[in-house]
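In what follows, a single structure is set out as structure tokens and then discussed.
The values are calculated or read from the model by the stated rules, or taken from the named source; none is laboratory data. Quick caveat, the model's predicted, so the values are computed rather than measured. Note: ideal-geometry Cβ built from the backbone for every residue, glycine included; neighbour counts use all protein chains shown. Calculation scope for accessible area: heavy atoms of the full protein, side chains included, ligands and nucleic acids excluded. Shrake-Rupley method; radii C 1.70, N 1.55, O 1.52, S 1.80 Å.
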Amino acid sequence: MQRRSFFSTTLGMALASPLWSSQLSYAQTTSSTPIIRPKVLSKGDTVGVIASGTAVPDPDRILEAQRILNYFNLKMKLGKYVNQGSGYKTRSIKERLANLHEMFSDPEVKAIFELRGGYGSIQLLDHINYDLIKQNPKIFFGFSDITALHLAIHKQTGLVTFHGPVLLSPFKGYTADYFQKAIFATAPLGELTNSTDEQDIKPKHPLRTITAGKAQGELIGGNLSLVTSLMGTPYEIDTKGKILFLEETGEQPYRIDRMLTQLRLAGKLGQAAGIIIGECNDCDSTGYTWDYSLGEVLDSILGDLNIPVLYGLTIGHTSEQLTLPIGVAAQLDANRGVVKVLATGVIE
């Protein structure tokens with residue numbers, strides 16, 4: 001398919017056409033791809049809402065997302081195949097790809113929000129038209145399974161994307177505050193840390209310093225399972241000199257150990273300037289498969305890297321969630337349990 005004809009096709013033609021192949025661009029992509037920042041969002045803007053992993057056929061869940069957008073005074077453009085199409089919760093690659101391409105090509109859409117994670121985003125990566133995204137940079141938001149898209153889009157285009165809540169996240173006040181600060185203002189996010197209640201003897205979201213110190217670099221990372229799944233592919237994570245953040249949920253310690261060990265053996269942990277491990281819900285050891293706790297796993301693998309390491313930041317599958325702009329310079333202070341975002345993720 002010629003690029004010129006691609007831009008002239010309608011959504012329906014895009015669905016009927018062969019999947020876009022970006023294989024020719026792999027050799028041209030390097031870790032030094034210039035950073036592209038999307039434009040800041042304004043009240044009244046139209047937002048494209050898609051589900052690149054698992055679909056959301058339930059109209060009541062779509063209404064939940066609409067309420068979130070109403071709160072921020074944003075208009076919804078729902079992807080055609082979010083709540084209809086093949087399958088029930090697993091739309092075809094062509095359908096999900098058509099939604100993604102449509103939102104990046106539509107000039108009225110100023111940002112793209114994922115409804116949920118689930119599974120399936122990784123299937124899209126070698127079919128995405130990255131030139132389309134690069135020529136139409138927009139705010140792109142999500143987490144969990146959406147990690148695959150974050151890493152691929154950032155590596156192939158240099159676009160700053162936002163690791164943060166999906167529209168079906170709880171969106172409590174703390175989450176909403178940082179969501180809004182990240183994309184409705186051009187000021188850097190500044191210092192980020194977990195929400196606290198000074199009257200609590202045992203904090204709801206405790207932080208622990210695994211290795212003390214400070215480090216500075218661009219933020220990169222996401223869900224641990226997705227990060228490891230992309231190893232050996234053109235979308236493999238680049239951690240050299242960067243602040244690596246990883247989050248996970250529902251994985252037993254031995255599985256966390258296996259994934260972190262894979263990253264260690266690949267040099268991805270040792271190359272990082274600093275590491276943040278997110279609060280890991282439902283990651284306790286059960287049964288007799290492995291007798292290490294999660295804390296012991298983290299200490300044994302990350303404790304000897306001689307770089308700052310912080311555990312417990314609310315950056316993923318948590319009831320309260322911070323937003324991290326991928327590709328933006330930040331400083332990790334593991335002693336204080338603080339990440340300071342030094343530059344803006346959006347521009348005027």
- Query: Any idea which residue in the range 178-201 is nearest to Val82 (Cα to Cα), counting only those that are more than 18 Å from the chain's Cα centre (by Cα) and charged (D, E, K, R)?
  - Reply: Glu191
- Query: Taking the condition modelled with pLDDT of 95 or more and open to solvent by 10 Å² or more (accessible area, probe 1.4 Å), does Ile201 pass?
  - Reply: no
- Note on the structure: Of the residues in the range 70-88, those that are in contact with a Lys or Arg (Cβ under 7 Å, 6 or more places away or on another chain) and open to solvent by less than 30 Å² (accessible area, probe 1.4 Å) come to Tyr81
- Of the residues Lys134, Lys172, Lys155, which is in contact with a strand residue (DSSP E or B) (Cβ under 8 Å, 6 or more places away or on another chain) and among the basic types (Lys, Arg)? Lys134
- Quick one: which residue in Phe171, Phe140 is within 16 Å of Thr323 (Cα to Cα) and within 11 Å of the chain's Cα centre (by Cα)? Phe140
- Search the range 143-198 for residues being in a helix (DSSP H, G or I) and of a type in the set (Lys, Arg), and hand back the single one that is surrounded by the most Cβ atoms within 10 Å (Cβ to Cβ). Lys155
- Message: Just checking: which of the strands (runs of 3 or more DSSP E) contained wholly in the range 294-336 hold 1 or more residues that are among the aliphatic types (A, V, I, L, M) and more than 16 Å from the chain's Cα centre (by Cα)?
- Response: 309-313, 329-333
- Task: Keeping to the range 196-236, report how many residues are of a type in the set (A, V, I, L, M) and free of Cβ contacts under 8 Å to residues at least 40 places away in the same chain.
- Result: 3
- So how many residues does the range 204-244 have that are surrounded by fewer than 23 Cβ atoms within 10 Å (Cβ to Cβ), in a loop (DSSP other than H, G, I, E, B) and in contact with a Gly (Cβ under 6 Å, 6 or more places away or on another chain)? 3
- Task: Look through the range 164-195, keep the residues that are of a type in the set (D, E, K, R) and in contact (Cβ under 8 Å) with a residue 60 or more places away in the chain, and return whichever of them is farthest from Pro206 (Cα to Cα).
- Result: Lys181
- Message: Let me confirm something: among Thr196, Thr228, Thr211, which residue is more than 16 Å from Val339 (Cβ to Cβ) and polar (S, T, N, Q)?
- Response: Thr228
- Note on the structure: Here the residues within the range 117-142 that are closer than 22 Å to Val346 by Cβ, part of a loop (DSSP other than H, G, I, E, B) and open to solvent by 20 Å² or more (accessible area, probe 1.4 Å) are Asn136, Pro137
- Item | Options Leu332, Leu302: the member that is buried (at least 23 other Cβ atoms within 10 Å of the Cβ) and either under 20 Å from Ala212 (Cβ atoms) or of a type outside the set (Lys, Arg) (or both) | Leu332
